[in-house]
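The values are calculated or read from the model by the stated rules, or taken from the named source; none is laboratory data. Predicted model, so just to flag it, every value in this text is computed and none were measured. Note: ideal-geometry Cβ built from the backbone for every residue, glycine included; neighbour counts use all protein chains shown. Surface areas here come from the heavy atoms of the whole protein model, side chains and all, with no ligands, DNA or RNA. Shrake-Rupley method; radii C 1.70, N 1.55, O 1.52, S 1.80 Å.
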Amino acid sequence: MQIEFNSYIQKSDKTDLIQKEVDNFLASERFDFVKTLSDKKYQNQCHTIFERFKDRSHFVQIGIGGSSLGPEMLISALSKNTERTFHFINNIDPDKTAQQINQINFKDALFYVVSKSGGTAETLASFAIMVNELKSHGVKESELANYFVFASDPSTSQLRELGDDLGITTLDIPTNVGGRFSVLTPVGLLPALFAEIDIEELCRSAFSFGSELSNLYSFKKAVSMILNHHENGYDQTVFMPYSSRLRDLSFWFIQLWAESLGKKDKDGKRVGLTPIPSYGATDQHSQMQLFMEGPLNKVMLLINIKESEHDLKLENQFDHPKLQKLSGFTLKNLMDSEFFGTKKALEEQNVPHIVFNINKLNEENLAKLVIFFEFLTAVTGFCLKIDPFNQPGVEAGKIYSFEWLDNL
C-alpha cells in the first residue's frame, strides 16, 4: 500500500508526542486487536462451525454497530459466493425487520447472533423474533442449536450463559478487543468463510502489517497530519474510496472514527473528529461541491484501486460528441480519470488529503486498510488524551432507553 500526502497547514513537530503515544498503545492490552490476529484458535473455531453448517444457503447475522458493520463490509468487498444469501439484521425498525423475515428461508438458514457484552438489547430483541419465527416453522426449542451460533466475550457474557443453556455454540470475541475493532475476530471471520473469503490471508496480512505500522514513517506522518489540522480547526474527516465494493468500508470507518474519537478528554473538554462517508465517483455529483469550495475544515482520506477485477469497453457508434469521445476508453479509464481529476482539483483548492493506493482489492490489501485505520484511530485517540476504546455517551443512552421502557 502506497500513501500520498497533501497538507496545507504548516507542520508543528509532533514526533516525540506521537512516538510516546505509540509506545503507550503498544504496551496496553488494547493492542490485542493486532496481537490476537496471530492466534489460530479463533480461525479454527470458525472453520469448525463452517464445516458443520456449510450446507446452509442463508446466512443471517444478528448484531448492531461493530457486530454488523465490519462483516457487512467484508462481504460486500470480497464475497466470492454467488449462491448463498446474506442477511444482516442490524436495526430494530419493525418494518425493515418484517421485510427481511420474508426474505429468509428459515429451515435452510444459520443465524449468527453477535454481542460482545452479551446484553445488547437490540440484538437480543432480534434473536427473540427469529426464535419465534423458527417455532412458527415447526422448530422446537430443543432444536435451536441446529440453527443458531453465538459470538460473545469468553468470560463474562449472559449471551454465553444462554447459549450454554440451549446447547448453542458460542464463539470467542477476545476480551480486550472492542466491538468496532473486532471485524477480524470471529465476528467477521465466520461470515467471511461462508462468503468464500480467505480468512487465513486476512489475518496473516493484517498481523504482518499491524506489527510494522509503529515503525513506518508514513503512519506517523498520517497521525501528525490529522493532529496538526485538528489544531487548526479541521474537525471533519471525509472517507472516500473510489469503489462501490468499498462503500461499506466507509460506513465501517464512520463508527470506528466517531465512536472512538468523539468524547470528552481527561480535562473534560469535548473533542471530536466528525467522519463523513462518501464514495467515488458517485459522490462527485452530490457532496464534492461542499468538499471543494465549502469551509476548509475537512481532511479527506481517498482510496484508489489501481487494478479492477473487470473492465468494460465504452466503444459505441452513436453520433453524440461525448459518447464518441468516450468510445476509445474503458469504464476503468473513466473511473481513474474521475479520481485523478478530483485529486488535482483538491490540490488546487488547498483541501488537505491523504491518498491510499492499493494494487487490487483482495484479502491482503483490504486487511491492510482495516488494520491501518484501526491503528490510526487508536494512536490519534491517545494523542488527543482520550480513551479511544470506550463509549460513555452510548452507555448513557442505553440506560435511559431502558428507563423509558420501564415506564411504559
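Please state which one of S7, S12 is closer than 30 Å to K343 by Cβ, in contact with a Pro (Cβ under 6 Å, 6 or more places away or on another chain), open to solvent by less than 70 Å² (accessible area, probe 1.4 Å) and at pLDDT below 95. Lay out the reasoning, then the answer.
Values: S12 fails: in contact with a Pro (Cβ under 6 Å, 6 or more places away or on another chain).
From the options S7, S12, the qualifying one is S7.
I'd like to verify a number: residues in the stretch 144-165 that are surrounded by 14 or more Cβ atoms within 10 Å (Cβ to Cβ), charged (D, E, K, R) and more than 22 Å from the chain's Cα centre (by Cα), how many?
The total comes to 1.
Given the conditions (1) within 18 Å of R52 (Cβ to Cβ); (2) open to solvent by less than 10 Å² (accessible area, probe 1.4 Å), and given that D108 satisfies all but one, which numbered condition is not satisfied?
All conditions are met except number (2).
Evaluate the stretch 183-201: report whether one residue or more is touching an Asp or Glu at 6+ places or on another chain (Cβ under 9 Å), open to solvent by 10 Å² or more (accessible area, probe 1.4 Å), part of a helix (DSSP H, G or I) and at pLDDT 95 or above.
yes
Looking at the stretch 307-321, I want the residues that are free of Cβ contacts under 8 Å to residues at least 24 places away in the same chain and have a partner that is assigned to a loop (DSSP other than H, G, I, E, B) and surrounded by 11 or more Cβ atoms within 10 Å (Cβ to Cβ) with Cβ atoms under 7 Å, at least 6 apart or on another chain. Which pairs are those?
Short answer, once both residue conditions are applied: L314/S327; L314/F329; E315/S327; N316/S327.
All but one of (1) crowded, with 19+ Cβ neighbours inside 10 Å; (2) within 23 Å of N357 (Cβ to Cβ); (3) among the basic types (K, R) hold for R245; which doesn't?
So the condition that R245 fails would be (1).
Open to solvent by 20 Å² or more (accessible area, probe 1.4 Å) and at pLDDT below 95: is that true of F251 in this structure? Explain how you work it out, then say what you get.
Working: open to solvent by 20 Å² or more (accessible area, probe 1.4 Å): yes; at pLDDT below 95: no.
When the stated conditions are applied, F251 does not pass them.
Restricting attention to the stretch 228-242, which residues are of a type outside the set (S, T, N, Q) and surrounded by fewer than 18 Cβ atoms within 10 Å (Cβ to Cβ)?
Narrowing the stretch 228-242 to residues of a type outside the set (S, T, N, Q): 229-231, 233-235, 238-242.
Correct list: E231, G233, D235.
For E212, work out the one condition from (1) part of a loop (DSSP other than H, G, I, E, B); (2) open to solvent by 50 Å² or more (accessible area, probe 1.4 Å) it doesn't fulfil.
Checking E212 against (1) part of a loop (DSSP other than H, G, I, E, B); (2) open to solvent by 50 Å² or more (accessible area, probe 1.4 Å), the one that fails is (1).
Take the residues of the stretch 387-399 that are of a type in the set (A, V, I, L, M) and either assigned to a loop (DSSP other than H, G, I, E, B) or over 22 Å from the mean Cα position of the chain (by Cα) (or both): which is nearest to L301 (Cα to Cα)? So that I can check it myself, show each step before the final result.
The first filter runs over the stretch 387-399 and keeps only residues of a type in the set (A, V, I, L, M), leaving 394, 396, 399.
From what's left, either assigned to a loop (DSSP other than H, G, I, E, B) or over 22 Å from the mean Cα position of the chain (by Cα) (or both): 396, 399.
Values: A396: 31, I399: 35 Å.
Filtering first and then ranking leaves A396.
Working only within the stretch 283-309, note down all residues that are within 15 Å of P241 (Cα to Cα) and among the basic types (K, R).
The answer is K306, and nothing else.
Scan the stretch 130-143 and tell me whether some residue there is within 12 Å of I62 (Cα to Cα), under 26 Å from the mean Cα position of the chain (by Cα) and not in a helix (DSSP H, G or I).
no
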